[in-house]
Amino acid sequence: MGSLLQTIVIFVLVLGGMIVIHEFGHFIVAKLFGVRVDVFSVGFGKRLWGVKKGDTDYRISLIPLGGYVKMAGENLDEKVTGAPDEFMSKPKWQRFCIAVAGPVMNILTALAIPAIIVMFYHEVPAYLDKPAVVKAVEPNSPAEKIGIRPGDQIINIDGRENPLWREAKLLIEVNPDQDIPLTIKRGDETMNLVLHTEGRPIRQGKIGYSGMEPEEMSLVVADVVAGEPAAQAGLQPGDQIIAINGKPVEQNEYGSDQVITAIRSSGNQPVTLTVKRGGQTLDIQATPQMKDGSLRLGFTQKIEGVEIINQRLGLFPAIKFSFDRNVEILDLTWTAIGQVFTGKRSARDTLSGPIGIAEVVGEASKSGAMMVFQLMGILSLNLGIFNLLPIPVLDGGLIFMLALEAFLGLFGLPLTMRIKERMMQVGFVMLMLLMGFVIFNDIAKMIPGRDTQPQQVEQPQQPPNK
C-alpha cells in the first residue's frame, strides 16, 4: 500500500508539474502582452485556497493533475466585449506567441533537465561513444543466426555510416521484430547482412534485441540481504547468475530483467538460480517473499565487465548534449509512430495513457531521484510536442486556426465563429477518442495472459533490487 501511495504521489508531482510549467508559459506571455488573466490554477475543480493579486486569482484546486490558465475572452462560448485586455482583442501575432508559449516552456524544460543533470552527475558506459565493434554474441540470438562474430565492426546500419554504439543500440531497440540492413567489416572483408531483430517485452510494449554485445559482460550478485530468502539459501556476492528455473540468463541488462520477471511472477513458488562460483556450478533454490508490493529474494545484481566513466560536462557542452539527446528522442519517437502508420508496429504496444505513465513513473522512482528527473524531461518534451499537433482544443489547433484565418484574410474571406466552433467540436471528439483508446490500452495491458510482462529496466551501474 505504501509503495502504491508513493507511486501516486510521484506521478502527480511529475505529470502535474509538467502541466503547470506548460500553463505558466501561457500565463507569463499573456501578462507580457497585457491580456487579463482571471485565473491561474494549480489543479482542477473546486477552489481550495488562493489569493487574488490584481486581476488574477492564484488558486490551488481539488484535483492535483496539472492546472490551467483562464484568460479574458479566450473561450469561443464566452461573451467578448472588445475590451483591450481581452485575448481576442490582441493582434494575431501576439495570440500566436501566447499559444506557443506553453509548448515552448515544456521544450525548454526538457532541454534544461538533462543539461543540469550532466553538469553534476554523468556516469555512462564508455562503449556508448565508441565505434560499434562487437565484443560478444549471445548464443541463439538474431546476431548469431546471421553469422555475426566477436570482432566484427558495424560500418553501416540502416543507412547510418560508421555508427557509434549509442546510435546502433538505439536503432535496434526502436525496431523490434524488424529487418535491419547491416554492413559489417571483418578484417579486410566487408559483408552485407540483414538482421531480423527479436521483440523483447518491456512494460509498455516491445524493444528490439540483437544479441550483439559491446563488451564481455557477466551478470553477478552484488549484495545479499542478511536474513532474506536468498541469504538463507546460500546465495553469495560475486556469484554469476547463468540460469533461472533452468532457462539461460543473458549476461547483460536484459538478463537482469529476466531474473526480476521470473522472481516477481513466481507466485510464491520456489525459484532456482543456477550460478557459477569459482570453478563450480551450483543450483540455489529459494522462495520469494512479498516486500514493498512485489515478490523478492533479497539480493541485488550488477553487470561486470562494463567500463563506467564520469563525464561531467561544462555549461555549453551540457546544453549541446541535452539538445542532441532530445533530438534523438524525437527521432526515435517519430520512427515508432511512423511504424504504427506503416503497420510495422502495433499502436497498442506504442501508445500509453495516464495509467501507463504512472507505471513507468513508479518504476523510475525505484531507481532513484535521478531516473525520475530524466523521465520528467522526456515527459515534458512529449507534452510540448503533443500540444503543437494541429488538433483544435490543443495549442497547435489554435495556432492552426490563426494561420488559417490569416491565410483566408489574404483573399478577403472570414473564418466565421460557426466554423471555429465546428473545428473545436471535431478536435474535442478526436481528443476524447484518443484518450479513450490509450486508457483502454493501458487497462488491456494489465490483463493477465498478455504477452507483454512487467519488467524493470536498470542501468548497469544501478543494480536492481530483487
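The values are calculated or read from the model by the stated rules, or taken from the named source; none is laboratory data. Predicted model, so just to flag it, every value in this text is computed and none were measured. Every residue, glycine as well, gets a Cβ built from its backbone with ideal geometry; the counts of neighbours run over all protein chains shown. Heavy atoms of the whole protein, side chains included, go into the accessibility calculation; ligands, DNA and RNA do not. Shrake-Rupley method; radii C 1.70, N 1.55, O 1.52, S 1.80 Å.
Hey, among 80, 35, 39, 100, which residue is assigned to a strand (DSSP E or B) and surrounded by 13 or more Cβ atoms within 10 Å (Cβ to Cβ)?
Values: 80 fails: assigned to a strand (DSSP E or B); 35 fails: assigned to a strand (DSSP E or B); 100 fails: assigned to a strand (DSSP E or B).
Being assigned to a strand (DSSP E or B) and surrounded by 13 or more Cβ atoms within 10 Å (Cβ to Cβ) holds for just one of 80, 35, 39, 100, which is 39.
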query: Out of (1) surrounded by 15 or more Cβ atoms within 10 Å (Cβ to Cβ); (2) not in a helix (DSSP H, G or I), what's the single condition that is false for residue 378?
result: (2)
task: Pick out the one residue from 371, 417 that is modelled with pLDDT under 85, farther than 19 Å from residue 102 by Cα and open to solvent by 60 Å² or more (accessible area, probe 1.4 Å).
output: 417
query: Of 249, 271, 259, 275, which residue is crowded, with 16+ Cβ neighbours inside 10 Å, within 24 Å of residue 137 (Cβ to Cβ) and touching a helix residue (DSSP H, G or I) at 6+ places or on another chain (Cβ under 9 Å)?
result: 249
- prompt: So which pairs qualify, if the first residue must be in the range 270-288 and closer than 14 Å to residue 259 by Cα, the second must be modelled with pLDDT of 90 or more and open to solvent by 90 Å² or more (accessible area, probe 1.4 Å), the Cβ gap must be under 6 Å, and the two must be at least 6 apart or on different chains?
  reply: 270/285; 272/283; 272/285; 274/283
message: So for the range 254-267 (the condition being part of a loop (DSSP other than H, G, I, E, B) and under 26 Å from the mean Cα position of the chain (by Cα)), does at least one residue qualify?
response: yes
- prompt: Considering the range 328-368 alone, what residues qualify as being at pLDDT 80 or above and under 28 Å from residue 6 (Cβ atoms)?
  reply: 329
query: So which of 326, 310 is touching a strand residue (DSSP E or B) at 6+ places or on another chain (Cβ under 9 Å) and in contact (Cβ under 8 Å) with a residue 24 or more places away in the chain?
result: 310
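When the residues of the range 56-100 are narrowed to those that are in contact with a helix residue (DSSP H, G or I) (Cβ under 7 Å, 6 or more places away or on another chain) and small (Gly, Ala, Ser), which ends up modelled with the highest pLDDT?
Here is the first cut: in the range 56-100, the ones in contact with a helix residue (DSSP H, G or I) (Cβ under 7 Å, 6 or more places away or on another chain) are 64-69, 71-74, 76, 80, 82-83, 87, 92, 95-100.
Remaining after also requiring small (Gly, Ala, Ser): 66-67, 72-73, 82-83, 99.
On the way: 66: 79, 67: 87, 72: 90, 73: 83, 82: 82, 83: 89, 99: 94.
It comes out as 99.
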- prompt: Can you pull out the residues in the range 306-352 that are open to solvent by 80 Å² or more (accessible area, probe 1.4 Å), part of a loop (DSSP other than H, G, I, E, B) and polar (S, T, N, Q)?
  reply: 342
- request: State whether one or more residues within the range 282-294 are over 27 Å from residue 124 (Cα atoms), at pLDDT below 85, of a type outside the set (Lys, Arg) and not in a strand (DSSP E or B).
  value: yes
- prompt: Among (1) over 30 Å from residue 304 (Cβ atoms); (2) in a helix (DSSP H, G or I); (3) in contact with a strand residue (DSSP E or B) (Cβ under 9 Å, 6 or more places away or on another chain), where does residue 109 come up short?
  reply: (3)
query: Within the set of pairs 6+ apart or on separate chains, which have a first residue in the range 74-85 that is in contact (Cβ under 8 Å) with a residue 12 or more places away in the chain, a second that is surrounded by fewer than 14 Cβ atoms within 10 Å (Cβ to Cβ), and C-beta atoms under 7 Å apart?
result: 76/417; 76/421; 85/34
field: Contacts under 6 angstrom Cβ, first residue in the range 121-146 being in contact (Cβ under 8 Å) with a residue 24 or more places away in the chain and open to solvent by less than 40 Å² (accessible area, probe 1.4 Å), partner assigned to a helix (DSSP H, G or I) and of a type in the set (A, V, I, L, M), 6 or more apart
entry: 132/168; 137/143
